[in-house]
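Structure record follows, encoded as structure tokens.
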Amino acid sequence: MERILVVGGAGYIGSHACKAIAARGIEPIVFDNLSTGHKHAVKWGELAIGDIRVPQEIEGALERYKPDAIMHFAACIEVGEGERYPLKFWTNNTGGVINLLNGMSKTGIKNVVFSSTCAVYGQPDAIPITERQACNPVSVYGRTKRAVEEMMIDLSNAGGIRCAILRYFNAAGASSDGDIGEEHDPETHLIPNALKSASGLGARMKLFGTDYPTRDGTNIRDYIHVMDLADAHLAAVDKLASGDPLIVTNLGTGTGVTVLEILRSIERVTGLKPLYDVCDRRPGDAAALSASTAHAAELLGFRPKRSDIDTIIADAWRFHRRKWGI
Ligand code: UDP
């Protein structure tokens, strides 16, 4: 494998994937419209500016670079925005992938790794969530991702492509040398918001609900280090390249962590206290989500190495201190 086209490679998870790809001696080419990604996060290969909503642009990049595989990260991800602007989400998250798949078909590129999400399960029947649980997404975001999964499975069954569908739980942390990290605008995710409130730079954080049926009343999530996710993408590409036509797997740690436990880890690691106000529950939040990890371990040999919470927080903190100049 010589070259991978990373669609959405200027974004959070995509840029960390590029770093891992380059560390393996493979060339990452980033295709990104920079609508939410950052030029400064493209450090390990060429940046091709283009938009997956425009068929000619993605097809042109596939023809020009002739990658051995594609990793597809580009998507609208903010759940609340999806409820307000569903057409934007369907056009980008699903329509964009149709353009990509058409381009792959025209150029004969077979291997694609797709960023999916635990949001495809909706409110789970049981945790940890296994891949056998039914997919009943409860958000526009989750439905746009599930639609792509179904499309890719159809194409794989027909022998058109080999695809890896990776259902991430909560991506978190940053590259351990602090060069890239999480930079959403607006930032809605817990860890960067909590770090900001601890740093004294930002407003107090909102804690969305303390009356959930969990051990301390706050939501349980499964946080996985972004560099562990990046490694899983490389394992998936290897598996596709060896001829496996279809991979569908969760990527998580299997360990559930509450919001208050995250805040305590921040205090432990940074020595600073996140300041927060208790607010109402955020609509659509499940009480507890965590991944069954057996399938990823068996299929990809995937075992997270850096996903204990204090390591995640320490890496995120290193990146944010550098970014904020503190
Ligand atoms: N959360 C919070 N305050 C925030 C952001 C998130 O209390 O400013 C909570 C949220 O309700 C959820 C958890 O933190 O229980 C993780 O939320 P995040 O948005 O990071 O990821 P999600 O699980 O929604 O994908």
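The values are calculated or read from the model by the stated rules, or taken from the named source; none is laboratory data. From a predicted model like this one, the values you see are computed outputs, not experimental measurements. Quick reminder, even Gly has a Cβ in these numbers, built from the backbone with ideal geometry, and neighbours come from all protein chains shown. Surface areas here come from the heavy atoms of the whole protein model, side chains and all, with no ligands, DNA or RNA. Shrake-Rupley method; radii C 1.70, N 1.55, O 1.52, S 1.80 Å.
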* Structure fact -> Checked the stretch 76-93 for anything within 21 Å of the chain's Cα centre (by Cα) and either of a type in the set (Lys, Arg) or on the phi > 0 side of the Ramachandran plot (or both); matches are LYS88
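Those residues that are surrounded by 14 or more Cβ atoms within 10 Å (Cβ to Cβ) and over 11 Å from TYR223 (Cα atoms), I need them from the stretch 298-310; list them, please.
Of the stretch 298-310, the ones surrounded by 14 or more Cβ atoms within 10 Å (Cβ to Cβ) are 299-300, 302, 304, 306-309.
The answer is LEU299, LEU300, PHE302.
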* To do: May I ask you to list the residues in the stretch 261-274 that are within 16 Å of the ligand (Cβ to nearest atom) and hydrophobic (A, V, I, L, M, F, W, C)?
  => ILE262, LEU263, ILE266
* Structure fact -> By residue number, the members of the stretch 147-203 that are under 25 Å from GLU131 (Cα atoms), within 16 Å of the ligand (Cβ to nearest atom) and open to solvent by less than 30 Å² (accessible area, probe 1.4 Å) are LEU166, ARG167, TYR168, PHE169, ALA171, ALA172, GLY173
* How about the stretch 275-301: which of its residues are more than 15 Å from the ligand (Cβ to nearest atom) and farther than 16 Å from ASN170 by Cα? -> ALA294, HIS295, ALA297, GLU298, LEU299, LEU300, GLY301
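Out of ILE77, ILE70, ILE49, which single residue is touching a helix residue (DSSP H, G or I) at 6+ places or on another chain (Cβ under 8 Å), of a type in the set (A, V, I, L, M, F, W, C) and closer than 15 Å to VAL30 by Cβ?
ILE70
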* To do: Taking the options ASP211, ASP216, name whichever one is touching a Gly at 6+ places or on another chain (Cβ under 6 Å), assigned to a loop (DSSP other than H, G, I, E, B), of a type in the set (Asp, Glu) and modelled with pLDDT of 95 or more.
  => ASP211
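Suppose we filter the stretch 15-37 for residues that are open to solvent by less than 30 Å² (accessible area, probe 1.4 Å) and either part of a strand (DSSP E or B) or more than 22 Å from GLN56 (Cβ to Cβ) (or both); how many remain? Working first, answer last.
First, pick out the residues of the stretch 15-37 that are open to solvent by less than 30 Å² (accessible area, probe 1.4 Å): 15-18, 20-21, 26, 28-32, 37.
Retained after the next criterion (residues that are either part of a strand (DSSP E or B) or more than 22 Å from GLN56 (Cβ to Cβ) (or both)): 15-18, 20-21, 26, 28-32.
Qualifying residue count for the region: 12.
Specify which of the listed residues (GLU183, GLU261, GLU267, GLU187) is out of contact with any Gly (no Cβ under 7 Å at 6 or more places or on another chain) and without any contact (Cβ under 8 Å) to a residue 40 or more places away in the chain. Spell out the reasoning first.
Working: GLU183 fails: without any contact (Cβ under 8 Å) to a residue 40 or more places away in the chain; GLU261 fails: without any contact (Cβ under 8 Å) to a residue 40 or more places away in the chain; GLU267 fails: without any contact (Cβ under 8 Å) to a residue 40 or more places away in the chain.
So the residue among GLU183, GLU261, GLU267, GLU187 that is out of contact with any Gly (no Cβ under 7 Å at 6 or more places or on another chain) and without any contact (Cβ under 8 Å) to a residue 40 or more places away in the chain is GLU187.
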* To do: Being within 20 Å of LEU229 (Cα to Cα) and open to solvent by less than 10 Å² (accessible area, probe 1.4 Å) is the filter here, so list the residues in the stretch 38-52 that pass it.
  => ALA41
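Could you please find all residues in the stretch 78-98 being acidic (Asp, Glu), within 21 Å of GLU182 (Cα to Cα) and not in a loop (DSSP other than H, G, I, E, B)?
Step one: of the stretch 78-98, the residues acidic (Asp, Glu) are 78, 81, 83.
Filter once more, keeping what is within 21 Å of GLU182 (Cα to Cα): 78, 81.
Matches in the stretch 78-98: GLU81 only.
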* Residue that is farthest from PHE73 (Cα to Cα) [pool: residues in the stretch 157-176 that are assigned to a loop (DSSP other than H, G, I, E, B) and in contact (Cβ under 8 Å) with a residue 24 or more places away in the chain] -> GLY159
* To do: Among residues belonging to the stretch 99-144 that are part of a loop (DSSP other than H, G, I, E, B) and within 18 Å of LYS66 (Cα to Cα), point out the one that is most open to solvent (accessible area, probe 1.4 Å).
  => LYS110
* To do: State whether one or more residues within the stretch 233-252 are of a type in the set (Lys, Arg), more than 12 Å from the ligand (Cβ to nearest atom) and surrounded by fewer than 23 Cβ atoms within 10 Å (Cβ to Cβ).
  => yes
